[in-house]
Ligand code: OXD
């Protein structure tokens with residue numbers, strides 16, 4: 001978790017949580033901050049009427065006109081991690097602190113990518129289709145399987161999720177190479193770290209490439225057609241970041257031409273993926289409808305960040321998970 005903020009103490013009397021926070025979590029906040037008015041999951045009308053009082057809002061996003069109607073607003077805590085749809089110009093011009101829930105879905109997203117890799121290794125998409133058709137696929141099921149053990153995984157984006165994935169993949173015997181923008185230090189499970197400018201060099205070495213990046217002006221289209229076709233023939237691409245990081249047409253061509261062995265797509269461009277997209281019917285594609293972030297433990301972790309940030313906000317300490325508005329994450 002990054003710890004940055006504006007450094008000055010502030011008044012916090014009204015916190016609007018535009019999310020159906022579970023009662024036990026809401027109660028925990030009320031017990032801890034009895035002098036704070038905490039409004040959970042207000043109706044649209046209530047939300048609007050409370051905006052003039054609110055110093056802080058927790059929600060997926062706050063629109064420009066809502067910010068305009070909230071003159072005291074100094075802090076927005078997003079429910080998710082990605083902020084590409086949250087950043088509006090008023091946040092910077094008003095000096096509003098934006099914090100996110102980065103770190104909250106680390107174990108589950110790392111497990112999600114492992115699940116997709118293992119599914120391809122054991123040909124689960126093929127077997128599940130057999131199960132739906134009531135077909136015993138023994139002979140065919142003996143071909144096309146492989147082992148992750150000894151294969152190379154390239155983790156593009158060695159943030160919290162990328163690091164957690166690297167640890168798990170290494171435990172499966174994979175050789176893990178990390179790509180990161182800043183810093184070259186090895187984290188547990190990572191055998192080698194290279195910079196983004198080395199991506200094209202290391203891509204052809206990897207049997208699996210996992211995109212664990214936020215969507216920013218720098219990452220949009222990073223996996224363009226040429227980059228996708230630079231991947232090792234028969235390799236697998238996983239995207240849990242955001243759909244527009246990958247060129248959709250290039251990906252489709254790489255899959256239909258069998259240049260790629262397969263793709264595990266939690267995110268697509270556009271979302272939802274249109275019903276007539278050819279990706280749905282491909283046996284070498286796993287689509288999980290942007291659910292890798294889902295975990296029953298989400299708010300058990302997010303509430304810790306929120307509690308800490310309420311305290312930090314009030315006492316003037318730096319907040320956790322402050323978004324760098326110019327970097328976009
Ligand atoms: C997020 C997500 O940004 O789940 O949190 O995509």
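Brief remarks follow.
- Of all residues making up segment 251-281, the number that are closer than 19 Å to residue 232 by Cβ and touching a strand residue (DSSP E or B) at 6+ places or on another chain (Cβ under 8 Å): 9
- Filter pass, residue 251 being farther than 20 Å from residue 126 by Cα, modelled with pLDDT of 95 or more and away from the ligand (no atom under 16 Å from the Cβ): yes
- The listed residue being surrounded by 14 or more Cβ atoms within 10 Å (Cβ to Cβ) and under 21 Å from residue 234 (Cα atoms), out of 140, 169: 169
- Residue pairs meeting the criteria (Cβ under 8 Å; at least 6 apart or on separate chains; first on the phi < 0 side of the Ramachandran plot and in contact (Cβ under 8 Å) with a residue 12 or more places away in the chain, in segment 290-309; second assigned to a loop (DSSP other than H, G, I, E, B) and more than 15 Å from the ligand (Cβ to nearest atom)): 299/21; 299/22
- Given (1) out of contact with any strand residue (DSSP E or B) (no Cβ under 6 Å at 6 or more places or on another chain); (2) within 13 Å of the ligand (Cβ to nearest atom); (3) farther than 22 Å from residue 181 by Cβ, index of the condition residue 242 fails: (3)
- Among (1) at negative phi; (2) at pLDDT 95 or above - the single one residue 234 does not satisfy: (1)
- Looking across segment 288-297 at every residue that is surrounded by 16 or more Cβ atoms within 10 Å (Cβ to Cβ) and near the ligand (Cβ under 9 Å from one of its atoms), the one that is nearest to residue 273 (Cα to Cα) is identified as 290.
- Meets criteria (under 28 Å from residue 85 (Cβ atoms), assigned to a loop (DSSP other than H, G, I, E, B), at pLDDT below 95 and within 21 Å of the chain's Cα centre (by Cα)) for residue 220: no
- Some residue of segment 34-41 being within 16 Å of the ligand (Cβ to nearest atom) and surrounded by fewer than 21 Cβ atoms within 10 Å (Cβ to Cβ): no
The values are calculated or read from the model by the stated rules, or taken from the named source; none is laboratory data. Everything quoted here is computed from the prediction, not taken from an experiment. We place every Cβ from the backbone using ideal geometry, glycine too, and count neighbours over all the protein chains shown.
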